[in-house]
Amino acid sequence: MRRLGPLYGGAVALVHSTPWRWPVAVEDDPSRSPTWIVVLGLPIGGVAWIVAWLFHAVGIPAPIAAIVGMGALVLASAAIVERGLAERIEFWLGHAAGARTRGPIQPGVQTVVALTFVTIVRAATIAVVPVERWLPVFVATAVIGRWAAVFLQAIGDPVPTDDERSLVATPAPMWLTGAISAAIVVLALVALGKVGLVALVLTATAVFGLGLESQRRDGGLTASVVATAAAVGELAIADLQPRAPSW
């Protein structure tokens, strides 16, 4: 902590919410800054853009290069969103099936189908993004997804931390949540134009509903619910960005 100073919170968030492993000394630190979790979306989106640009530069068609960039975004985030979404879908399907049969059911195949459908939607939408818009779209996708996860935790109960990589953050005071949200509004306007505000409103509404559903069924938030909130934010950007004005 003394060596890194103000960057210590960033190191904790980096180790806990990306595949990065250094410094190992912070792996057991339960304090996870919501600000840094959101800020790390900037380099993650940047890495995705670089990968997509490099593939396109060597002659790969733009739609395929854009999909590769989306894959890089997933890997740079340690597939936290996808794993959490899969766990939540499994929970929803299992709950529905159990209610019908009054017994435990393993809806693994249905979960794979549902997650595959979500992946196809993301791939189809990113494939039609013009090359000149890759940078703002990738950055906005990563940052707003992480903001959705932090926003849900700000309005809900604290989530127990564990040693697994997740988007779980230390509860933030309202003033900090407001400041982060204000910065996200600016980012959305710059990257996506007015449609970015629509994406944020839809994300906040859906995340609020997700929190109520989790409170009713689980009695509180979990790491998978937080990751699902991030998936909601990413999907909102994916679905709306093709109609945004060029940067």
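Each value in this text was obtained by applying a stated rule to the coordinates, not by laboratory testing. What you see is a predicted model; the values in this text were computed from it and never measured. All Cβ positions, glycine included, derive from the backbone under ideal geometry; neighbour counts span all protein chains shown.
Tabulated data
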read-out: Relative exposure of Leu75, Leu152, Leu135, Leu187, judged by other C-beta atoms within 10 Å (fewest first); value: Leu75, Leu135, Leu187, Leu152
read-out: Dipole of the range 39-243, positive direction: furthest Cα of Leu187, Pro158, Val225, with charges on the beta-carbon; value: Leu187
read-out: For the chain, radius of gyration divided by Kirkwood radius, i.e. Rg to Rh on alpha-carbons; value: 0.97
read-out: Where labels lie 7 Å past Cα in the beta-carbon direction, separation of Ser181 and Val24 in nm; value: 4.1
read-out: Val131 versus Asp239: modelled label distance in nm, points set 7 Å from Cα along the beta carbon direction; value: 3.0
read-out: Test item: Cα-centred dipole of the chain, Lys/Arg +1 and Asp/Glu -1 on Cβ, debye; value: 320
read-out: Mean Cα-pair separation over length for the chain, i.e. relative contact order, pairs under 8 Å, 6 or more apart, %; value: 25
read-out: Distance between the range 24-60 and the range 138-172 - C-alpha centres, whole angstrom; value: 15
read-out: Label-point separation, Thr116 to Ile50 (7 Å along Cα→Cβ), nm; value: 3.4
